[in-house]
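To keep things clear, I will list the structure first and then write my remarks on it.
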Amino acid sequence: MDAKERRDRIATLLQQSRQPITGTALAKKFGVSRQVIVGDIAILRAAGADIYATPQGYVILQMATPTTVSAKFACCHDSKRIETELAVIIDNGGCVLDVSVEHPVYGEIKANLMLASRRDLTDFLHKSAESDAAPLSLVTGGVHLHTIEAPTAEILQKIAAELKALGILLE
């Protein structure tokens, strides 16, 4: 199989998958290195594919169903409260789509999270600790935005109320 065919098959797999697929899993499937997959993803993105890298792997986001709603929440806290913030969102039925900060030089910096379950949260926290990477909000003194998706507006309101009660939600 040549590189173009491999990229076509990667795009098809991502479009059909309901779950993210890791670069390592794609590398094993196609018998290439993870770095080759990273290059393939970059080429697919340059060609217009809407592929997101999340902590769980690569994903092509499906269009949200009309029954879901989303909102951006402005939050502020230190790195010790990341788990608390994300758990409030997930435990109330929300999905944390992303996190973004406003960098003084680069403008908006955004990372896709796609955290929808306690397992996602546990994996995210484990990878964060293992990599010793600083959270994006370190750049802005703890201020950051999350895009949250939920089944109803009422769930978004409940999440906002709990984050506000914890002193995390900015108004």
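Things worth noting here:
- Screening Phe30, Phe73 for residues that are surrounded by 12 or more Cβ atoms within 10 Å (Cβ to Cβ), aromatic (Phe, Trp, Tyr) and in contact (Cβ under 8 Å) with a residue 40 or more places away in the chain leaves exactly one candidate, Phe73.
For every residue, the table says whether it meets (1) aliphatic (A, V, I, L, M); (2) in contact with a Leu (Cβ under 9 Å, 6 or more places away or on another chain).
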site: Ile21; (1), (2): yes, yes
site: Gln35; (1), (2): no, no
site: Val38; (1), (2): yes, no
site: Ala42; (1), (2): yes, no
site: Thr68; (1), (2): no, no
site: Ala74; (1), (2): yes, yes
site: Ile89; (1), (2): yes, yes
site: Val105; (1), (2): yes, no
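- Contact map, region 121-134: first residue touching a residue at least 24 places away in the same chain (Cβ under 8 Å), second residue of a type in the set (D, E, K, R) and in a helix (DSSP H, G or I), Cβ cut-off under 9 Å, separation 6 or more or different chains; pairs are Leu121/Glu83; Leu125/Glu83.
- Of all residues in region 43-63 being loosely packed, with under 12 Cβ neighbours inside 10 Å and within 28 Å of Arg119 (Cα to Cα), the one that is modelled with the lowest pLDDT: Met63
- Some residue of region 105-113 being free of Cβ contacts under 8 Å to residues at least 40 places away in the same chain, within 14 Å of the chain's Cα centre (by Cα) and either part of a helix (DSSP H, G or I) or under 18 Å from Leu163 (Cβ atoms) (or both): no
- Boolean, Val101 is of a type in the set (Val, Ile, Thr) and under 17 Å from Gly57 (Cα atoms): no
- The set of residues from region 146-155 being of a type outside the set (Asp, Glu) and either part of a strand (DSSP E or B) or within 14 Å of the chain's Cα centre (by Cα) (or both) comprises His146, Thr147, Ile148, Ala150.
- Considering Ile37, Ile89, the condition of being in a helix (DSSP H, G or I) and under 14 Å from the mean Cα position of the chain (by Cα) is satisfied by Ile89 alone.
- Candidate set: region 115-145, residues that are in contact with a helix residue (DSSP H, G or I) (Cβ under 7 Å, 6 or more places away or on another chain) and not in a helix (DSSP H, G or I); chosen: the one modelled with the lowest pLDDT: Pro135
- The combined condition, being out of contact with any His (no Cβ under 9 Å at 6 or more places or on another chain), hydroxyl-bearing (Ser, Thr, Tyr) and farther than 17 Å from Glu162 by Cα, is fulfilled by Ser128.
- Considered as a group, the residues in region 1-34 that are of a type in the set (D, E, K, R) and part of a loop (DSSP other than H, G, I, E, B) include one that is modelled with the lowest pLDDT, and that residue is Arg18.
The values are calculated or read from the model by the stated rules, or taken from the named source; none is laboratory data. Being a predicted model, the structure only gives us computed values, none of them experimental. Positions of Cβ are generated from backbone atoms using ideal geometry, with glycine treated the same way; all protein chains shown enter the neighbour counts.
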